[in-house]
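**Q** Shown below is the structure under consideration.
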Amino acid sequence: MGGILRLVVAWATVGAFTVYGKDWLGGLADPMWASLLFAWLLGVILWAAFGVVHEAEELAHMLGEPLGTLILTLAIVIIEVVLVSAVMLSAKDAPTLGRDTMFAVLMIVLNGVVGLGLLIGGLRHHQQSYNLQGASAFLSVIIPLTVIALVLPNFTTSTQGGTFTTLQAIAFSAFTVALYGVFLLIQTGRHRDFFMDAGEKARAVEAAAAAEGGKPPVPKAAILRHTVLLVANILPIVLLSKSLATILDHGIAALKAPTALGGVVIAMIVFTPEAISSLKAVARNELQRAINLCLGAATSTVGLTVPAVLAVGLLTGQTVVLGLAPTEMALLVMTLILSTLTFSGLRTTVLEGAVHLILFFVYLVLIFSP
């Protein structure tokens, strides 16, 4: 019943903003009205995000790891790609939007969510174990993709200002898609066991044995139903986030706040389902699932956003700035090194969580005081 009510409210809000949104957003000069619209949209989007988490977890239970977490990760990253592309295709000139969004996601996921998760897991379970091969596979893809996309543009000599030439944009987009595609094949096929913990592997063996023994598989109708509900909860987030971004941009301009703050808030809203699911998994002592979600989000963000942003830039003739500022590059490098150290052993503790959270807080301070 709660799921039906959530969908009714979410889609009714979409309908209301489709019909009256232009007039409502035209009255943002009134602070009270702007605050009311912001609270309304934020509440509906977060409620829909809980629906995404619920349906994704149902699918994860039916399909097993790593397919379950991969579904949620791809769903959330597709939302991000759609939002970034929509803003770039609008009249607003946003050459750094893709870069700022990707960097915000990386900091939020790799430092904020990972840090809080490891801190909670350490306090509750002392030490937690995971599959080292899976974490290493994630990082072996994240490191080159992030450096090529966000650092390398500052050091190429064909162009200036952190941009790529047309040849570089096409070639690096193709390389990114190819590497991400190979990773997905590894994750879902030949080395699927890299992304399972010991308990999940045992359950997978039992399921295979049960299937051979004639036990009926999960009904396809149930999988289809939860997939449809997952999409039905995601779409309102996509359709309403642009209106929320408009209100945020107005508020940031009115308050003279840093422009990067809008991207951070949107990224936090979009990745709320991933964060909720990750923290719940850590609390249940399922660190591997949390790692699949967090590191998978970072991998998918760069693997899908970079080609999309560069493609929109080439098709529309817009300038796309991907190179980070020196301070941000230093923070990114620290994050990558720290992530490599964190996931180089067999167990995690409170210490790793605390260090990641400190880096996240440093990132937040630098937004307001670059």
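**Q** Identify, by number, the condition in (1) surrounded by fewer than 19 Cβ atoms within 10 Å (Cβ to Cβ); (2) within 15 Å of ALA245 (Cα to Cα) that GLY98 doesn't meet.
**A** Tallying (1) surrounded by fewer than 19 Cβ atoms within 10 Å (Cβ to Cβ); (2) within 15 Å of ALA245 (Cα to Cα), GLY98 fails exactly one: (1).
**Q** Ok, one more. Quick one: which of ALA290, ALA325, ALA283 is aliphatic (A, V, I, L, M), under 30 Å from PHE175 (Cα atoms) and in contact with a Gly (Cβ under 8 Å, 6 or more places away or on another chain)?
**A** Of ALA290, ALA325, ALA283, the one residue that is aliphatic (A, V, I, L, M), under 30 Å from PHE175 (Cα atoms) and in contact with a Gly (Cβ under 8 Å, 6 or more places away or on another chain) is ALA290.
**Q** Right, another one. Take LEU42 and tell me if it is at pLDDT below 90, surrounded by 12 or more Cβ atoms within 10 Å (Cβ to Cβ) and over 30 Å from ARG225 (Cβ atoms).
**A** So LEU42 does not fit the description; no.
**Q** Please determine whether any residue of the range 111-132 is over 24 Å from LEU70 (Cα atoms), outside any helix (DSSP H, G or I) and out of contact with any Asp or Glu (no Cβ under 7 Å at 6 or more places or on another chain).
**A** yes
**Q** Considering LEU322, LEU224, LEU304, which residue is touching a Lys or Arg at 6+ places or on another chain (Cβ under 7 Å) and at pLDDT 85 or above?
**A** Answer to the selection: LEU322.
Residue-wise test of (1) modelled with pLDDT under 75; (2) out of contact with any helix residue (DSSP H, G or I) (no Cβ under 6 Å at 6 or more places or on another chain); (3) under 21 Å from ALA260 (Cβ atoms).
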| residue | (1), (2), (3) |
| --- | --- |
| GLU65 | yes, no, no |
| ILE78 | no, yes, no |
| VAL82 | no, no, yes |
| MET102 | no, no, yes |
| VAL105 | no, no, yes |
| ASN111 | no, no, yes |
| ARG124 | no, yes, no |
| SER136 | no, yes, no |
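**Q** Further question: Report yes if VAL52 is closer than 30 Å to ALA221 by Cβ, among the β-branched types (Val, Ile, Thr), surrounded by fewer than 24 Cβ atoms within 10 Å (Cβ to Cβ) and out of contact with any strand residue (DSSP E or B) (no Cβ under 9 Å at 6 or more places or on another chain), otherwise no.
**A** Against the criterion (closer than 30 Å to ALA221 by Cβ, among the β-branched types (Val, Ile, Thr), surrounded by fewer than 24 Cβ atoms within 10 Å (Cβ to Cβ) and out of contact with any strand residue (DSSP E or B) (no Cβ under 9 Å at 6 or more places or on another chain)), VAL52 does not qualify.
**Q** Out of all the residues in the range 238-249, is one or more assigned to a helix (DSSP H, G or I), within 30 Å of VAL182 (Cβ to Cβ) and touching a helix residue (DSSP H, G or I) at 6+ places or on another chain (Cβ under 6 Å)?
**A** yes
**Q** Going residue by residue through the range 330-344, is there one that turns out to be of a type outside the set (Lys, Arg), farther than 23 Å from GLY134 by Cα, out of contact with any Lys or Arg (no Cβ under 7 Å at 6 or more places or on another chain) and modelled with pLDDT of 90 or more?
**A** Yes, some residue in the range 330-344 is of a type outside the set (Lys, Arg), farther than 23 Å from GLY134 by Cα, out of contact with any Lys or Arg (no Cβ under 7 Å at 6 or more places or on another chain) and modelled with pLDDT of 90 or more.
**Q** Being within 13 Å of the chain's Cα centre (by Cα), modelled with pLDDT under 85 and within 30 Å of ASP30 (Cβ to Cβ) is the requirement here; does ILE269 meet it?
**A** So ILE269 passes the test.
**Q** Residues in the range 142-156: is at least one closer than 18 Å to MET329 by Cα, out of contact with any helix residue (DSSP H, G or I) (no Cβ under 6 Å at 6 or more places or on another chain) and in a loop (DSSP other than H, G, I, E, B)?
**A** Yes, that holds for at least one residue.
The values are calculated or read from the model by the stated rules, or taken from the named source; none is laboratory data. Predicted, not measured: the structure shown is a model, and the values here were computed from it. Neighbour counts run over all protein chains shown; Cβ positions are idealised from the backbone, glycine included.
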